[in-house]
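A short worksheet on the structure shown next.
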């Protein structure tokens, strides 16, 4: 199966996603391309991963769980309690099976865009950050600093972004996926090694 063309992907996403999520996806793709230019990464891959990163986001949670079980995904206890967290793994699956994406770099960038992971590739870093800093996001005032930092030092931006997300989740008493903790620890240690 060949990867769908950009226009066909957008036509399908308009149907699959609600308006806010569709706008977010287009904005993430744009931001990913900007970061790709800054860090000399493949622009087409950045655009593709950016537009598709949330392709499973608007699927109802009960369907997320059923599909995840049917395709044999490992489901953590946190994902079982909060099935929305499965959208990244299911997004990888849909990108391949529905949208025809066979590029492992693009698929991994979609899979890890929510939690990140230690030692991410440049494309994974770009999608992870683009999802967080794209212009339509309105999390909090500190995001401006993260947006600027993303174009200066991508690893520091990942550490900052992940720290902010973990602090927010703790404050809201939301269960935290172990992968997010591992991502933060990895990039925190990188920054500390550079500074010391």
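Taken together, the values in this text are just the output of simple stated rules run on the coordinates, not laboratory data. Fair warning: this is a prediction, and the values are worked out from it, not measured in the lab. Ideal geometry is used to build each Cβ from the backbone, glycine not excepted, and the neighbour counts take in all protein chains shown.
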Protection proxy ranking, peptides 82-88, 178-184, average beta carbon neighbours within 10 Å, highest first: 82-88, 178-184
Convex hull volume of segment 23-122 per residue (C-alpha atoms, cubic angstrom): 99 Å³
Contour excess over end-to-end distance, with Cα ends at residue 75 and residue 5 and 0.36 nm allotted per residue: 22.0 nm
Proxy reagent accessibility, fewest Cβ within 10 Å first, across 168, 93, 132, 39: 168, 39, 93, 132
Cα centroid separation, segment 87-111 to segment 1-49 (Å): 12 Å
Label-to-label distance, nm, for residues given as residue 163 and residue 182 (7 Å Cα→Cβ offset): 2.2 nm
Alpha-carbon radius of gyration plus Dmax, which is the widest Cα pair, for the chain in Å: 16.0, 50
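Okay, helix-only estimate at 222 nm for the chain: each DSSP H run of n ≥ 4 adds -39500 (n - 2.57), divide by all residues, round to 500 deg cm²/dmol; what do you get? Please report the intermediate quantities before stating the final value.
On the way: 11 runs with 131 residues, N = 196.
After summing the helix terms and dividing by the residues of the chain, the value is -20500 deg cm²/dmol.
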Cα-based convex hull, segment 80-196, per residue volume (Å³, whole number): 118 Å³
Enclosed volume per residue, in Å³, of the convex hull spanned by Cα atoms of segment 119-187: 85 Å³
